[in-house]
Amino acid sequence: MILLDRLNIKHPIFLAPMAGVSTPELAAEVTNQGGLGSLGIGASSIESARTQILRTKQLTDGAFQLNFFCHAPTELNISENTAWIQNITPHFEKFGAVPPRELKCIYPSFLDDDEFLNLVLETQPKAVSFHFGIPHAYQIQQLKDADIITMVSATNLAEALAIEAAGIDIIIAQGIEAGGHRGIFNQTFDAAIKTADLVQLIKQHCSLPIVAAGGIMNGQQAKTMLNFGAEAVQLGTAFVQCKTSSANVAYRQALFNHPLTQITASISGRPARGLINHWHTQVDLPNRPHVAAYPYAYDLAKQLNLLALKNGDNGYGAFWAGSNVAQIRKLEAPDLINQLVLEMNQC
Ligand SMILES: Cc1cc2nc3c(=O)[nH]c(=O)nc-3n(C[C@H](O)[C@H](O)[C@H](O)COP(=O)(O)O)c2cc1C
């Protein structure tokens, strides 16, 4: 397949970039087994991102992708943040603590400045992908000039068309089943299309290669996406359980403990699918106020989670997982790739 040749990989299987879960070891295992490894470094500092990239390069000579967030810059809205802090205050008080008085913008956007772009140009990964939006035209041009393949997540047709018009190389079709943050460009609107439908819809209207993401846990599901017109599949949840991921013990256990998922914006300020916990049952009440914007809400959620963990409560973590998480299998990354390939070939 042309896409595999361009990326110089053997199997049409991408490890989803997963900020907070990705590690150089997991990325290298996937790449060394013939898939496309990845590092989700949108939440990392430049220094940490550089360290992770250099470590990955020590562990593999093959291709991998870096992933960044392209959210439109959010204005600091003090009154909205204060209302959200007040709403979450009882959860801090439960542990005898008080919440912070102000929230910080903890994640920069790739659009904000060129620090991440310069790191990409310096470290020359095979590919780079973006979530929540499209980089500036001059950034795309510089990546193209450096021969770096570009990919952007689309959750609906309009986003896919915008990605194509911007000169991006590959569309990641992220269906509603996907674990983690919805890649929606506009937070006020989510078409919530299933992965299989989205792949077919984009295939009908765009000519770029498509990578299907969302709810793919085995080779049969992967093959179905390829039959619908995807050139590769991207799996996140299936890899979280691998010992080389950085998921903590509670997260790993929850993945196998009769898991069910729901989307909430209360954790970060943007909608994201994860395992049901306190955010869904105690915060997302019918009368809850408007959530503080991304990533301000995330600053509060992370502080609450740290406090809760110190008090032995795992219920405030961001345990991102896709809606097919119940089909998760205990397999290390190389075995998971082999199993997926075997199952795809049997279809
Ligand atoms: C733990 C976790 C973290 C994620 N973090 C990111 C991220 O940093 N960047 C990104 O583009 N997508 C991220 N995603 C979404 C994935 O790219 C992908 O769309 C999703 O994992 C596919 O659905 P699945 O989890 O059912 O396989 C994350 C997903 C998970 C499960």
- [ ] Output the residues belonging to the stretch 161-217 that are among the hydroxyl-bearing types (Ser, Thr, Tyr) and in contact with a helix residue (DSSP H, G or I) (Cβ under 8 Å, 6 or more places away or on another chain).
- [x] THR195, SER207
Task: Sole residue being free of Cβ contacts under 8 Å to residues at least 40 places away in the same chain, part of a loop (DSSP other than H, G, I, E, B) and open to solvent by 10 Å² or more (accessible area, probe 1.4 Å), chosen from GLY229, GLY215 - done: GLY229
Task: Residue under evaluation ILE149, criteria (1) touching a Leu at 6+ places or on another chain (Cβ under 7 Å); (2) at pLDDT below 95, criterion not met - done: (2)
Open item on the list: Would you confirm whether or not the stretch 252-262 contains a residue that is closer than 18 Å to ASP313 by Cα, open to solvent by 60 Å² or more (accessible area, probe 1.4 Å) and away from the ligand (no atom under 14 Å from the Cβ)?
Closed with: yes
- [ ] Could you run through the stretch 184-212 and say how many residues are open to solvent by less than 30 Å² (accessible area, probe 1.4 Å) and either closer than 26 Å to ARG329 by Cβ or of a type in the set (Gly, Ala, Ser) (or both)?
- [x] 7
TODO: Those residues that are within 13 Å of the ligand (Cβ to nearest atom) and farther than 14 Å from SER129 by Cβ, I need them from the stretch 1-19; list them, please.
DONE: ILE13
TODO: Read through the list (1) of a type in the set (A, V, I, L, M); (2) outside any strand (DSSP E or B); (3) open to solvent by less than 40 Å² (accessible area, probe 1.4 Å), then give the number of the only condition that ALA173 fails.
DONE: (2)
- [ ] Considering only residues that are among the aliphatic types (A, V, I, L, M) and under 21 Å from the mean Cα position of the chain (by Cα), look in the stretch 85-119 and name the one that is modelled with the lowest pLDDT.
- [x] ILE106
TODO: Return yes when LEU103 is among the hydrophobic types (A, V, I, L, M, F, W, C), in a loop (DSSP other than H, G, I, E, B), within 16 Å of the ligand (Cβ to nearest atom) and surrounded by 19 or more Cβ atoms within 10 Å (Cβ to Cβ) and no when it is not.
DONE: no
Open item on the list: When the residues of the stretch 141-170 are narrowed to those that are under 18 Å from ALA127 (Cβ atoms), within 16 Å of the ligand (Cβ to nearest atom) and polar (S, T, N, Q), which ends up surrounded by the fewest Cβ atoms within 10 Å (Cβ to Cβ)?
Closed with: THR150
Task: Subset of the stretch 20-49 (residues that are more than 10 Å from the ligand (Cβ to nearest atom), touching a residue at least 60 places away in the same chain (Cβ under 8 Å) and either in contact with a strand residue (DSSP E or B) (Cβ under 9 Å, 6 or more places away or on another chain) or open to solvent by less than 10 Å² (accessible area, probe 1.4 Å) (or both)) - done: THR23, LEU26, GLU29, VAL30, GLN33, GLY34, GLY35, LEU36, ALA49
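The values are calculated or read from the model by the stated rules, or taken from the named source; none is laboratory data. Note that this is a predicted model, so its numbers are computed, not measured. All Cβ positions, even for glycine, are placed from backbone atoms using ideal geometry, and neighbour counts span all protein chains on display. These area figures cover heavy atoms from the full protein model, side chains too; ligands, DNA and RNA do not enter into them. Shrake-Rupley method; radii C 1.70, N 1.55, O 1.52, S 1.80 Å.
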